[in-house]
Amino acid sequence: MKAVLHFLDTCRLFLASFALLLFVSRAGAAAEADRAVPQGSEPVLRVALEWRESSESFGSCKLRFSPEVKPFRKEPDFGRHRVARGAFGCGVRTNEFIAFAWDQTANRLYLDRNGNQDLTDDTEAIYAGEYDGYFQLFPGVKLGWTTPTGSHPYLVDLRLGGTAAAQLQGTCGLRSFWQGRVALGARCYQIGLVENPEASAEGDEIRYLLFRDWDARDEPIRLNPGTPYLTSWPKRVFLAARGFGLSGRYTNVAGSPGYVLELSSTEPQLAQLRVDGEHLYRLILYEPGGYTTILDKPGLTERIPAGVYQSAEVWLRRGVAEAFYIGPLALPVGAGAPASLAIGGPLTNVVAAERSGDNLILRYRLVGAGSPMLTYQMSAEDRGSPPGWAALAGEKPIASGKFAYG
């Protein structure tokens with residue numbers, strides 16, 4: 001009998017609805033900055049960035065601990081509670097770690113943010129936790145870590161585990177970022193950065209560049225599974241049809257922290273790129289040692305810096321549904337004949353069948369049009385209803401099942 005594979009779910013494109021899991025909040029008393037840095041003749045655009053909070057983290061780093069057994073000079077009456085004391089941080093500068101006492105019985109975390117060995121003089125440094133499996137979760141913790149450029153404010157989610165001082169473990173999820181507004185051409189954009197809590201030296205303190213249309217500033221910017229709006233921090237970037245050298249300078253004058261983002265105009269050699277595909281929302285091309293090129297809703301022909309790009313992010317949207325590819329994509333773009341790139345939608349379900357002994361192994365992919373045939377992932381997947389399959393002998397079903405995510 002010849003078995004014919006038949007999909008139970010035959011979505012042509014984007015069955016999953018887009019889940020808005022993370023909204024950027026406009027935290028703090030300051031209102032949204034209305035001023036914009038205009039595009040002018042000056043070679044350097046400087047954008048003052050303001051601190052903002054988000055409702056979910058931009059990724060996590062592993063905490064490092066310095067355990068301490070002795071009580072603080074002054075601390076609450078813990079009675080017979082089980083208490084772990086120590087200091088934690090994300091980087092290698094142990095002298096900048098923050099001292100704490102963790103009342104595991106009452107699920108309370110006390111921080112010594114001013115470093116005076118007194119846990120009773122700062123009520124805003126006491127946090128109530130909640131159980132998260134093996135760990136205790138302390139959301140929305142405000143920290144002030146000193147880095148090579150000064151004291152930085154952070155909003156983090158802490159997950160702490162371990163029952164003894166020497167066994168402490170945990171993670172720190174960053175929930176703060178810096179943002180400003182810049183006018184490039186006739187459009188305004190939100191531009192900013194996400195810091196690197198694990199920075200060990202000056203110049204290593206910024207992890208991501210934030211860039212998107214100003215009207216899109218309230219869209220989610222989650223990193224799990226991904227976002228089109230954050231890219232690894234580049235030294236050179238091509239955006240809004242212009243080339244720039246990129247740098248960020250941290251300041252903390254009179255206890256008022258801030259960043260100044262500097263966009264230094266460059267004149268890269270430009271070449272033509274022909275893009276063919278449906279539902280393209282954002283295309284990001286990475287050239288090692290060269291430019292990070294950001295194209296929003298690319299047209300059939302774009303002019304971008306010449307170079308040999310090695311990887312890409314391809315973001316597709318149709319209505320509220322979103323899919324993406326992040327990975328290798330070799331693309332030489334020279335000053336001669338235009339380069340061509342066929343990517344994007346429509347998306348198609350594909351199954352590869354291979355035999356392993358007496359078993360038939362089915363592998364599922366959601367692939368795009370063009371060449372190379374890239375494998376995409378939905379930003380919001382309905383894991384309760386994964387794609388399914390059925391094997392038929394003529395019209396008679398003989399086997400069926402669901403594909404597993406991951």
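Laboratory data are not the source of any read-out in this text; all were calculated from the coordinates shown. Remember, predicted model here, so these are calculated numbers, not experimental data. Every residue, glycine among them, receives a Cβ derived from its backbone with ideal geometry; neighbour counts consider all protein chains shown.
Across the options 72, 308, 228, the greatest Cα extent toward the positive end of the charge dipole of the chain (unit charges at beta carbon of Lys, Arg, Asp, Glu) belongs to 308. Available extension along the chain between residue 82 and residue 363 is 96.2 nm, counting 0.36 nm per residue and deducting the alpha carbon span. Counting only lysines at least 8 places from residue 297 when in the same chain, those with an alpha carbon closer than 27 Å to its own are 235. As a length-normalised measure over Cα pairs under 8 Å and 6 or more apart, the relative contact order of the range 271-350 settles at 40 percent. Normalised by 2.2 N^0.38 Å, with N the number of residues, the alpha-carbon radius of gyration of the range 60-174 equals 0.98. Residue-wise HN-Hα couplings along the range 47-52, as the Karplus relation 6.51 cos²θ - 1.76 cosθ + 1.60 with θ = phi - 60° gives them from phi, are 10, 7, 9, 10, 6, 9 Hz; Gly and Pro carry x. Across the chain, the mean sequence separation of Cα contacts (distance under 8 Å, 6 or more residues apart), normalised by length, yields a relative contact order of 17 percent.
Ordering 264, 60, 356, 379 from the fewest to the most neighbouring beta carbons within 10 Å gives 356, 264, 60, 379. For the range 103-116, 3J(HN,Hα) computed residue by residue from phi via the Karplus equation (6.51, -1.76, 1.60; θ = phi - 60°) reads 7, 6, 5, 8, 6, 10, 10, 10, 10, 9, 5, 8, x, 9 Hz, glycine and proline entered as x.
By the equivalent-ellipsoid construction on the alpha carbon gyration tensor, the range 292-406 comes out with semi-axes of 36, 17, 12 Å, ordered largest to smallest.
How high is the relative contact order of the range 60-174? Use alpha-carbon pairs under 8 Å, at least six apart in sequence, and give a whole percent. Present the calculation step by step, with values, prior to reporting the outcome.
Working: 238 pairs, mean separation 28.5, N = 115.
Computed value for the range 60-174: 25 percent relative contact order.
In plain terms, the residue of 78, 324 with the fewest other Cβ atoms within 10 Å comes first and the most crowded comes last, giving 78, 324.
For residue 146 and residue 235, what does the FRET efficiency come to when R0 = 35 Å and r is the distance between their Cβ atoms, rounded to the nearest 0.05?
Values: r = 25 Å, r/R0 = 0.73.
After rounding to 0.05, the efficiency reads 0.85.
Taking amide H as placed 1.01 Å from N in the peptide plane, the amide H of residue 342 sits under 5 Å from that of 276, 371, each at least 5 places away or on another chain. Sorted from longest to shortest, the spans of the Cα atoms of the range 213-345 along the three principal axes equal 54, 36, 25 Å.
On the basis of the beta-carbon distance and an R0 of 45 Å, residue 400 and residue 218 show a calculated FRET efficiency of 0.60. Projected label points at residue 46 and residue 375, each 7 Å from Cα along the beta carbon direction, are separated by 4.9 nanometres. The range 333-366 and the range 209-246 have Cα centres separated by 27 Å.
Simple spin-label estimate for residue 134 and residue 311 gives 2.9 nm between the two label positions (7 Å along the Cα-to-Cβ direction from each Cα). Couplings 3J(HN,Hα) of the range 175-183, computed from phi: 10, 10, 8, 10, 9, x, 10, 9, 9 Hz, in residue order, whole Hz [Karplus 6.51 cos²θ - 1.76 cosθ + 1.60, θ = phi - 60°; x for Gly and Pro]. Between residue 390 and residue 126, the modelled labels are 6.2 nm apart [label points 7 Å from Cα along Cα→Cβ]. At full extension, residue 106 and residue 266 could sit 51.9 nm farther apart than now, given 0.36 nm per residue minus the alpha carbon distance. A P(r) calculated from all alpha carbon pairs of the chain, with 20 Å bins opening at zero, reads 23, 46, 27, 4, 0 percent.
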